Amino acid sequence: MSEVKNVLRLQDITMQFGGVVAVNNLSLEVNEGEIVALIGPNGAGKTTAFNCITGVYEPTNGIVSFNGTPMVSNHPQGKMKKNYQGYNGDKYINEKVLNPTPDQITNLGIARTFQNIRLWKSMTVFDNVLTAKHMRSEQNIFSATFRTNKADEAKMEEETLALLEEQNLLQFKDNIATSLPYGLQRHLEIARALATKPTLLLLDEPAAGMNPQETAELGEFIVQIKKKYNLTILLIEHHMDLVMKFSDRIYVIDFGKLIAQGTPDEIQANPKVIDAYLGVAEDE
């Protein structure tokens, strides 16, 4: 039996803004090849957790490890030493502070989509994906200036067209990205994320704005790209049909705190989850 490889681990991640603790002592793990969901009511801290993983925010405390190596690390400093309201304030004080930028984290092999779509608005569909492809390019100023990188450029353009075809976007390649219907913009954002050749893909509410049929098709598509690109996936989602059908494991947070974790069957039967989330009407 092969050993399970841990891809992502959060240890005691806390994100405090002034006196507001948005994420409170969150620990979770995502293993290679899994689809893991992070769910909870609106405002529970899910996207904030993604931002701590991807370098958008510098967490106030805790460690994020990628493939077994600390990638993000921090502890309460300065005025926050006195104002800190989370747990384990002294636990990581002897750890080296690590604050990589989002592009550095992308280069490690982590890509994400956003709750609110963030495409490059003035670019075409094709250029949105091609620009992301340049994250893996071996170009330099010399090769770009003297056009010695033609083979590399041709390969990236070919791979970009293939990604667009996979997402049923090829016919729109010359359109301005933001002119696409909402659902197609979602697919374009996934194509752009895949262009960076990640091993870990973070999807923030990928089914937002989709009808039940579109949501079911998206779930099947997520499974397909996971297998095709050997991905590990962490997703935030409010569509419970998608979460319960396609997730291997689920973490549930409420008011920034972890309240439950387990398989879909275990989560659906958990009284705390029912009270906090599943037992109430879905947010509009």
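Tabulated results
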{"quantity": "Within the stretch 100-116, considering residues that are assigned to a loop (DSSP other than H, G, I, E, B) and in contact (Cβ under 8 Å) with a residue 40 or more places away in the chain, the one surrounded by the most Cβ atoms within 10 Å (Cβ to Cβ)", "calculated": "113"}
{"quantity": "First in the stretch 42-64 and open to solvent by 20 Å² or more (accessible area, probe 1.4 Å) and among the β-branched types (Val, Ile, Thr), second anywhere and assigned to a loop (DSSP other than H, G, I, E, B) and at pLDDT 95 or above, Cβ under 7 Å, 6 or more apart", "calculated": "48/57"}
{"quantity": "Considering residues of the stretch 6-17 that are in contact (Cβ under 8 Å) with a residue 40 or more places away in the chain and open to solvent by 30 Å² or more (accessible area, probe 1.4 Å) only, the residue nearest to residue 232 (Cα to Cα)", "calculated": "9"}
{"quantity": "Which listed residue is within 30 Å of residue 85 (Cβ to Cβ), open to solvent by less than 30 Å² (accessible area, probe 1.4 Å) and modelled with pLDDT under 95, from 260, 276", "calculated": "276"}
{"quantity": "Identity of the residue in the stretch 200-234, on the phi > 0 side of the Ramachandran plot and more than 10 Å from the chain's Cα centre (by Cα), that ends up most open to solvent (accessible area, probe 1.4 Å)", "calculated": "230"}
{"quantity": "Unique match (being closer than 16 Å to residue 7 by Cα and crowded, with 17+ Cβ neighbours inside 10 Å) among 119, 38", "calculated": "38"}
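The values are calculated or read from the model by the stated rules, or taken from the named source; none is laboratory data. Just so we're clear, the structure is a prediction, and the values are computed from it rather than from any experiment. Methodologically, a virtual Cβ is constructed for each residue, glycine included, from the backbone with ideal geometry; neighbour enumeration extends over all protein chains shown. Accessible surface areas use protein heavy atoms only, side chains included; no ligands, DNA or RNA. Shrake-Rupley method; radii C 1.70, N 1.55, O 1.52, S 1.80 Å.
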